[in-house]
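Undergrad: This is the structure I have questions about; it appears just below.
None of the figures in this text is laboratory data; all of them are computed from the coordinates on show. All values reported here derive from a predicted model rather than from experimental measurement. Here the Cβ is made from the backbone with ideal geometry for all residues, glycine too, and neighbour counts use every protein chain on show.
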Amino acid sequence: MAIGDGTRAVRAGLPDPEKYAPTLPGPVFAAHYHLPGDPTGPYTYGRDENPTWTLLEQAIGELEAPATRPGEPVETVAFASGMAAISAVLFSQLRAGDAVVLPSDGYQALPLARERLEAYGVEVRTAPTGDDAQLSVLDGARLLWLETPSNPGLDVCDIRRLTDAAHDAGALVAVDNTLATSLGQRPLELGADFSVASDTKGLTGHGDILLGHVSGRDPLRMAEVRRWRKIAGAIPGPMEAWLAHRSLATLALRVDRQCATALTLAEALRGRADVTGLRHPGLPDDPSHPVASRQMRRFGSVVSFVLPDRDRAERFLAALRLVDDATSFGGVRSTAERRGRWGGDAVPEGFIRFSVGAEDPQDLVADVLRALDEAAESDK
Ligand SMILES: *Cc1c(COP(=O)(O)O)cnc(C)c1O
């Protein structure tokens, strides 16, 4: 019988029990290792490998691995941040003359990566995530980059359908799995070549570290990704890697609570006259729901909606007592922000990206409804 996600999460990546050793060995702080003779072992210099990364990579690999193909090896490389992980795939896999398809509504640093890729002679095409629109610009591409659900719009694309089409056309597929986390969606199981995430968000979940990872099935491609980390030096600190591994033990608890409360909050917002454009893939009537319910195992902790204007949105955020006005998402403490303040995302001025934390659902919903009422009141 397959074991459950909570069980897998608490045991992921633990070394075999050894008498008098801790269950999860502490962080190894080393710039170099004792190295007499020829440098053959895995641990030579601190930019290449670190035992704390090795355990974390093993752990994340266990969670990303396709449950439908048990025993199939999955390799994972940990990075200093989500952007380090994204850059590692883009810049290790693409050469001058290649074409890459990016989402037009993806993470806000993708346009920065686009500039760099174009400067290196890579052709960059974009299309929106919704309606699998990236299919229409796939012809002749070397790499298809998906972000589903997309941040912040929460559109979803069909990973299996796009991956099959991309593979038929000779393209590789990478999926930014940040919003769903490794327990919410398994891109490798859906056929993707790379599953990439910012573990700054839900995977570590406490809003206190930056981290990223790339998981993949092809050892040669993953060796290229690993080599890129060595070249760019985009390595995680051992303390961050250890904290991430420690946090994995509560991943199932956290995402179950956060995803359930996100749906509760979305349902409480539905039908309010001051809330439009409400999106959450778990809402049965959300445009993302049909595909999301086929390919996602949990719908994520983010809810987005639009308030009438910028002022109303700012008053709402200021009136919240249990929710911090802050960027990022996936943490145990709820945060919300007016996304338009950054520029770059094609969202209305009153667009709110709300990240649901681990608070008691009734407290959170009450705080949000009260803040909405107060923000509307001072409009009069
Ligand atoms: C935050 C985020 C990133 C970037 O991750 P960092 O850890 O901040 O570098 C990439 N993709 C998505 C979808 C994100 O939300």
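Undergrad: Provide the percentage of antiparallel DSSP beta bridges, counting only those with both residues in the chain; round to the nearest 5. Walk me through the numbers on the way to the answer.
TA: Numbers: 22 of 39 bridges.
For the chain, the DSSP antiparallel bridge percentage is about 55.
Undergrad: Now for a separate question. Okay, which of region 211-243 sit inside 18 Å, backbone N to the point 7 Å along the Cα-Cβ direction of His167?
TA: 215-222
Undergrad: I want to verify a result. In a Gaussian network model of the chain, Cα cutoff 10 Å, which of these has the top mean-square fluctuation: Gly106, Gly153, Gly344?
TA: Most flexible of the set in this elastic network: Gly344.
Undergrad: Another question about this same structure. Give me Trp228, Trp53 ranked fewest to most by other Cβ atoms within 10 Å of their Cβ, as a rough exposure proxy.
TA: Working: Trp228 22, Trp53 28.
Arranged by neighbour count, lowest to highest, Trp228, Trp53 become Trp228, Trp53.
Undergrad: Using a Förster distance of 56 angstrom, determine the FRET efficiency expected from the C-beta separation of Glu72 and Glu377, and round it to 0.05. Could you put the intermediate results ahead of the total?
TA: Working: r = 57 Å, r/R0 = 1.02.
So the FRET efficiency works out to roughly 0.45.
Undergrad: As an exercise, use a Förster radius of 35 Å and the Cβ-Cβ distance of Arg11 and Ala260 to find the FRET efficiency, rounded to the nearest 0.05. Provide the component values of the computation, followed by the final result.
TA: Details: r = 23 Å, r/R0 = 0.67.
Efficiency, from the Cβ-Cβ distance: 0.90.
Undergrad: Here's another thing I want to ask about it. Of Glu72, Glu147, Glu359, which is the most mobile in a GNM of the chain whose springs link Cα atoms less than 10 angstrom apart?
TA: Sorting by GNM fluctuation, first place goes to Glu72.
Undergrad: Where in region 27-117 are there trypsin sites (Lys or Arg not before Pro) that are in a DSSP coil and have at most 13 other Cβ atoms within 10 angstrom of their Cβ?
TA: Numbers: sites: Arg47, Arg95, Arg114, Arg116; in loops: Arg47, Arg95.
Sparse-neighbourhood loop trypsin sites (Lys or Arg not before Pro): Arg95.
Undergrad: Right, something else. When the Kirkwood radius is taken over all Cα pairs of region 252-377, what Stokes-Einstein diffusion coefficient follows at 4 °C and 1.567 mPa s, in µm²/s? Walk me through the numbers before you get to the answer.
TA: Numbers: Rh = 14.5 Å.
Roughly 90 µm²/s, to the nearest whole number.
Undergrad: Okay, next question. Taking 7 Å along the Cα-to-C-beta vector as the label spot, tell me the Gln108-Arg370 distance in nanometres, rounded to one decimal.
TA: Going by the 7 Å Cα→Cβ label model, 2.9 nm.
Undergrad: Counting other Cβ atoms within 10 Å, keep those with at most 15, restrict to DSSP loop, and tell me which chymotrypsin sites (Phe, Trp or Tyr not before Pro) in region 89-179 are left. Working shown, then result.
TA: Numbers: sites: Phe91, Tyr107, Tyr120, Trp145; in loops: Tyr107, Tyr120.
Here the chymotrypsin sites (Phe, Trp or Tyr not before Pro) that fit, given the DSSP loop and packing criteria, are Tyr120.
Undergrad: What size of dipole, in debye to the nearest 20, comes out for region 1-148 about its Cα centre when the only charges are +1 on Lys and Arg C-beta atoms and -1 on Asp and Glu C-beta atoms? List each step's numbers first, then the result.
TA: Working: 10 positive and 20 negative charges, 50 e Å.
So the dipole magnitude of region 1-148 works out to roughly 240 debye.
Undergrad: Let me ask something additional. Cα axis of helix 361-377 to longest principal axis of the chain: angle in degrees, 0 to 90, nearest 10?
TA: Between helix and principal axis, roughly 50 degrees.
Undergrad: Where does helix 238-248 land angle-wise versus the long Cα axis of the chain, in degrees 0 to 90, nearest 10?
TA: The angle comes out near 60 degrees.
Undergrad: Using a basic spin-label model with each label point 7 Å from the Cα along Cα→Cβ, how many nm lie between Asp363 and Asp131?
TA: Placing both labels 7 Å along Cα→Cβ, they lie 4.4 nm apart.
Undergrad: Going 7 Å from the Cα of Ala2 in the Cα-to-Cβ direction, what parts of region 273-305 have a backbone nitrogen less than 15 Å from that spot?
TA: 294-298
Undergrad: Given contacts defined as C-alpha pairs under 8 Å and at least six residues apart, what's the relative contact order of region 252-377, whole-number percent? Present the calculation step by step, with values, prior to reporting the outcome.
TA: On the way: 229 pairs, mean separation 34.2, N = 126.
Relative contact order, region 252-377: 27 percent.
Undergrad: Let me ask another. Could you compute the FRET efficiency for Asp139 and Glu115, with r as their C-beta to C-beta distance and R0 at 22 Å, rounded to 0.05? Present the calculation step by step, with values, prior to reporting the outcome.
TA: Details: r = 23 Å, r/R0 = 1.06.
With R0 = 22 Å, the Cβ-Cβ based efficiency is 0.40.
Undergrad: Oh, and also: With the chain treated as a Gaussian network of Cα nodes joined by springs under 10 Å, which of Val101, Val122, Val356 yields the largest mean-square fluctuation?
TA: Result for the chain, Cα springs under 10 Å: Val122 fluctuates most.
Undergrad: Mind checking which of Val255, Pro25, Leu63 is farthest towards the positive end of the chain's charge dipole, using Cβ charges of +1 (Lys, Arg) and -1 (Asp, Glu) about the Cα centre?
TA: The residue sitting farthest along the positive end of the dipole is Pro25.
Undergrad: Could I ask something else about it? Give me the log10 of I(q) over I(0) for the chain at q = 0.06, 0.13 Å⁻¹, as the Debye formula computes it from C-alpha points; what are the numbers?
TA: After summing over all Cα pairs, the log10 values are -0.23, -1.05.
Undergrad: For region 194-328, what does the convex hull of the Cα positions come to per residue, in cubic angstrom?
TA: Values: hull volume 21.3 nm³, N = 135.
Cα convex hull per residue, to the nearest whole number: 157 Å³.
Undergrad: Test of understanding: what is the full-extension gain from Ile231 to Asp48, defined as 0.36 nm times their sequence separation minus their Cα-Cα distance? If you can, show how the numbers build up before the last one.
TA: Working: separation 183, 0.36 × 183 = 65.88 nm, distance 0.94 nm.
Here the answer is 64.9 nm.
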